[in-house]
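See structure below.
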Amino acid sequence: MTYEEDTYSKIFNALKHPVRRKIIGILNEKPSTYTELLNRLEVETGFLNYHLDFLGELVKKDDGRYILSEFGRAAYELTKSVEAPVKKSGMTNPLDWKKSSTYISLILLVILIFSNIYLVYAYQSLSREKTNLINDSLLQSKIFLTKSINILNYTINECRIDLINLEELHDEVIKLSEKYKLLMYIDLQHREQWSQIKESADDFLIFIKDLNNKITAYFILESNMNYVNVELGQKLYLIKIKDDLLEIKRLIFPEEITTITMEGDIMKIIEISIILKTDILSARRAFNLGERGF
């Protein structure tokens, strides 16, 4: 049974029992505590618990008091509209019961139709909001990744590391990692891939941080220097990292992002993320940074 069907069923069933109708009436008058409901109904706690559980989506708690939900108020209006003519006529004619039953069915049908329309609209609105959030995060991630690749490419072409560029790269990768984390939680369909990509981005971030610490210490000793030359072996590993990042960008971020495009490249995305982690480890050794940490 779907969520909507379960809610409709509870509305219908709630009106079948006089105690549940009385609970709805009491809560329509004012919010009530559990003890207040017991005193008004004069029933045992187990009996009250049963009917409160049965009401389900029709009631909710707010600051320790039970109140009617939107569905609960609809159920109350239905009960009131049916009981008013019943009390007035006294229901002495059996045909009146048949008319009342027909009237109840019509009202329930109206509630069912409008509730269904509202729930469909709410679901569509939530779905659009989630899609927009994912696409915005993808676009921002693409920007941060592109900037990171450009800075890394400059370092490779110049064969030197400037502290300013390294700090800028550090900031971009931090923002990139934060976006990957957000995508892990909003794009549950691809959570495993985002988790793997974020893990490799975090390794890259630690590498940059440790390299920044080492170069800063070097600048303190060599105050007349404002950059550090990159050796051939070090350059080769930076090129590998850059190529890994370019491949991740190609697989995840097309030229125009309109939807997530991971479906056909799940294994490739995981594979390239693992390769990136391996290349980062090799680069750490080339720059004498050790396995992890400076």
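The values are calculated or read from the model by the stated rules, or taken from the named source; none is laboratory data. A quick note: this is a predicted structure, and the numbers were derived from the prediction, not measured. For neighbour counting, all protein chains shown are included, and Cβ atoms are generated from backbone atoms with ideal geometry for every residue, glycine included.
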Next on the checklist: For Tyr123, only one of the following conditions fails: (1) surrounded by 12 or more Cβ atoms within 10 Å (Cβ to Cβ); (2) part of a helix (DSSP H, G or I); (3) modelled with pLDDT of 65 or more. What is its number?
Outcome noted: (3)
Checklist entry - Among the residues of the stretch 29-45, which ones are under 38 Å from the mean Cα position of the chain (by Cα), part of a helix (DSSP H, G or I) and surrounded by fewer than 17 Cβ atoms within 10 Å (Cβ to Cβ)? => result Glu29, Tyr34, Thr35
Checklist entry - From the residues in the stretch 1-28 that are in a loop (DSSP other than H, G, I, E, B) and surrounded by fewer than 17 Cβ atoms within 10 Å (Cβ to Cβ), which one is modelled with the highest pLDDT? => result His17
